[in-house]
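The values are calculated or read from the model by the stated rules, or taken from the named source; none is laboratory data. Keep in mind that what you see is a predicted model, and the values were worked out from it rather than measured. For neighbour counting, all protein chains shown are included, and Cβ atoms are generated from backbone atoms with ideal geometry for every residue, glycine included.
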Amino acid sequence: MPRINAAPNARQPQTNQATIRVRSGDTLTKIARRHNVELNALVAANPQLRDPNLIRVGQELNLPGGAQESANNEERVALSGRTYTVRSGDSMSAIAARHGSSLADLINANPQIRNPSQISAGQVIDLPSGAGNDRMANRWNDNGAEGARWREFRGINAGRTLRRGHTGDDVRQLQEALVTTGHMTQAQASTGPGMFGPLTHASVRNFQRAQGLTADGVAGPRTRAALGRALSNGSRPGRGEQPQPAPIQPPVIQPAPERPSNHSRPAGNYDGTRPAEGTTNTQAWIPVDAPVQSQPGERSRARYDQVLNQLSVGSNPRYRPRNGNTYCNIFTWDATRAMGAEIPHWVDQSGNAARPGAAGAWEMDANSTNRWLNNQGAANGWRQVNASEAQAHANNGAPSVVSWKNPSGIGHIGMIRPGEDTGRGPALAQAGRNNFNNRNVADGFGRRQVEYWIHD
């Protein structure tokens with residue numbers, strides 16, 4: 001393509017000139033043809049362009065006099081009738097990706113935004129026609145204890161043992177049961193619905209003391225059974241009464257906690273065809289607590305295999321592509337959490353791992369995860385290596401990942417698993433368009449220039 005030269009001594013454009021916004025794939029030549037103007041006239045109308053060969057999506061350009069409207073009116077994008085409120089850390093490109101829209105359509109749907117690179121938290125923008133639901137929405141925001149999602153749960157889940165730091169629907173059930181039995185106020189539950197924080201921990205201990213159980217704040221089988229009996233017996237405060245917090249008491253040392261530590265959990269025997277219990281939550285923004293852990297000091301090739309096999313990425317509904325979204329970063333998040341080397345999904349504004357839904361926290365896609373590895377990886381025990389080193393590291397039972405930063409999209413990331421570094425690259429388990437538990441890097445990344453990272 002011939003290089004376009006800037007117009008010498010170009011006059012400043014008049015204030016009543018028509019303007020357009022640059023769309024993905026645009027060049028000045030294409031814009032000039034679309035509006036039936038001379039290329040030199042278009043360049044002259046935009047003296048702010050230091051290099052006419054470099055224009056960016058969303059940039060506003062002036063049209064010279066006599067320009068015609070695009071024949072198919074491409075500049076106007078139909079609206080969906082829905083809006084989105086900008087959150088801290090958002091960008092137009094991230095919002096577009098989360099809603100399955102193109103950046104150009106999102107920008108063109110919001111002509112009131114003069115500079116798409118500068119949006120602020122609280123700003124309301126229009127979503128273009130065809131935009132999907134926000135795949136990263138914090139869906140707990142439904143008016144807390146008064147919301148419909150709260151009311152739909154009854155009783156107490158008989159699944160995993162719950163402890164401080166857990167999140168999910170089962171935590172919300174636990175909170176509802178504690179409210180019903182009078183050991184937690186609805187105001188307390190509303191401060192973090194579905195999040196097992198200090199208030200939930202204290203409320204569980206209050207209930208355990210009242211039931212003569214070990215007051216360790218862990219909701220295991222015995223605590224759940226006691227909650228079930230209390231709910232069946234209608235144990236709750238009388239009308240008009242408010243639950244009173246239990247007085248602060250010194251901790252009681254008990255010889256046998258309800259839940260063993262991760263280090264003493266059995267490795268199980270998973271073959272990668274069926275996901276382990278507690279790993280199938282399709283609310284992908286909520287972390288899962290995988291039963292098999294591989295913490296530093298207990299790592300081995302066999303345990304690494306079991307960590308990945310229990311997630312059963314090839315058949316687990318949590319990672320299944322849906323609504324135009326894929327979940328490679330969620331699979332890597334789950335696997336590295338179970339290995340004590342978390343590559344986080346939620347981070348704060350400084351790039352530190354954050355609690356899901358925390359104020360100012362945001363969710364990383366695969367490209368953001370690649371940036372995190374390059375910027376924060378070293379501080380979190382990750383370092384970049386070659387393919388052979390990555391395979392050898394996984395074979396020794398230590399976390400190893402492969403990452404690709406897409407210059408024009410969301411990117412990709414996967415787990416290197418124990419196996420052989422063949423002509424098709426190291427052994428790979430991945431979620432994405434194609435989910436599989438044991439193939440090779442070329443099957444998921446093709447021949448792209450990837451990065452390998454290991455955790456020491």
### Message
From the list Gln384, Gln430, exactly one residue is in the same structural domain as Ile330 (by TED's automatic domain parsing) and surrounded by 18 or more Cβ atoms within 10 Å (Cβ to Cβ). Which is it?
### Response
Gln430
### Message
Condition check: touching a Ser or Thr at 6+ places or on another chain (Cβ under 6 Å), at pLDDT 75 or above and on the phi < 0 side of the Ramachandran plot. Does Gly220 satisfy that?
### Response
yes
### Message
Being at pLDDT below 95, loosely packed, with under 12 Cβ neighbours inside 10 Å and not in a strand (DSSP E or B) narrows it down to one residue among Gly278, Gly240; which is it?
### Response
Gly240
### Query
Given the structure, is Gly419 assigned to a loop (DSSP other than H, G, I, E, B), in contact with a strand residue (DSSP E or B) (Cβ under 9 Å, 6 or more places away or on another chain) and modelled with pLDDT of 95 or more?
yes
### Residue satisfying all of: in the range 408-427; among the small types (Gly, Ala, Ser), free of Cβ contacts under 8 Å to residues at least 40 places away in the same chain and closer than 24 Å to Trp372 by Cα; surrounded by the fewest Cβ atoms within 10 Å (Cβ to Cβ) among these
Ser408
### Query
Pick from the range 177-192 the residues that are surrounded by fewer than 22 Cβ atoms within 10 Å (Cβ to Cβ) and either under 29 Å from the mean Cα position of the chain (by Cα) or of a type in the set (S, T, N, Q) (or both): which of them is nearest to Val288 (Cα to Cα)?
Gly192
### Query
Does Gln188 satisfy the criteria of being modelled with pLDDT under 85, farther than 30 Å from Asn108 by Cα and touching a Leu at 6+ places or on another chain (Cβ under 9 Å)?
yes
